[in-house]
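Everything on this sheet refers to the single structure shown next.
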Amino acid sequence: FGNLMRHQAMVLNLCGDVLTPAQKEKLVSYLVKWTDELWFDNQGSGWGLEDSGNNYHMAFLQGTAYAGYALRQEGVEKGQTYIDLV
């Protein structure tokens, strides 16, 4: 999760000036969809979400931080929500 979100967030932040609105929206939608799926709409067991010693938990926090900061920079309200989770 951390690595996947990092790439999307970095493209959004570092290339934002040359992205079309449609490209930006696609990246924003990806970050929101999968961060919400993980923390709020989880259809699985939720394994690793509460275990702070679990390496998956660390990747979940990493990806959430990348998504949060990238979205906040774009003015997306959920960005701050994700940062607060971390």
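Can you tell me which condition ASN54 does not meet? The list is (1) in contact (Cβ under 8 Å) with a residue 60 or more places away in the chain; (2) of a type outside the set (Val, Ile, Thr); (3) open to solvent by less than 80 Å² (accessible area, probe 1.4 Å), and all the others hold.
(1)
VAL18 fails exactly one of the following numbered conditions: (1) at pLDDT 95 or above; (2) in a loop (DSSP other than H, G, I, E, B); (3) open to solvent by less than 90 Å² (accessible area, probe 1.4 Å). What is the number of that condition?
Exception for VAL18: condition (3).
Please find, among LEU27, LEU31, LEU49, the residue that is surrounded by 14 or more Cβ atoms within 10 Å (Cβ to Cβ) and not in a helix (DSSP H, G or I).
Working: LEU27 fails: not in a helix (DSSP H, G or I); LEU31 fails: not in a helix (DSSP H, G or I).
Only one candidate passes the filter, namely LEU49.
Does at least one position in segment 56-72 carry a residue that is in a loop (DSSP other than H, G, I, E, B) and either more than 18 Å from VAL11 (Cβ to Cβ) or more than 13 Å from the chain's Cα centre (by Cα) (or both)? Break it down stepwise before answering.
Here is the first cut: in segment 56-72, the ones in a loop (DSSP other than H, G, I, E, B) are none.
No, there is no match, as no residue in segment 56-72 is in a loop (DSSP other than H, G, I, E, B) and either more than 18 Å from VAL11 (Cβ to Cβ) or more than 13 Å from the chain's Cα centre (by Cα) (or both).
The values are calculated or read from the model by the stated rules, or taken from the named source; none is laboratory data. Quick caveat: nothing in here was measured; it's all calculated off a predicted structure. Glycine gets a Cβ as well: all are built from the backbone with ideal geometry, and neighbour counts include every protein chain shown. The protein model used for the area step is the full one, side chains on, heavy atoms only, and it has no ligands, DNA or RNA in it. Shrake-Rupley method; radii C 1.70, N 1.55, O 1.52, S 1.80 Å.
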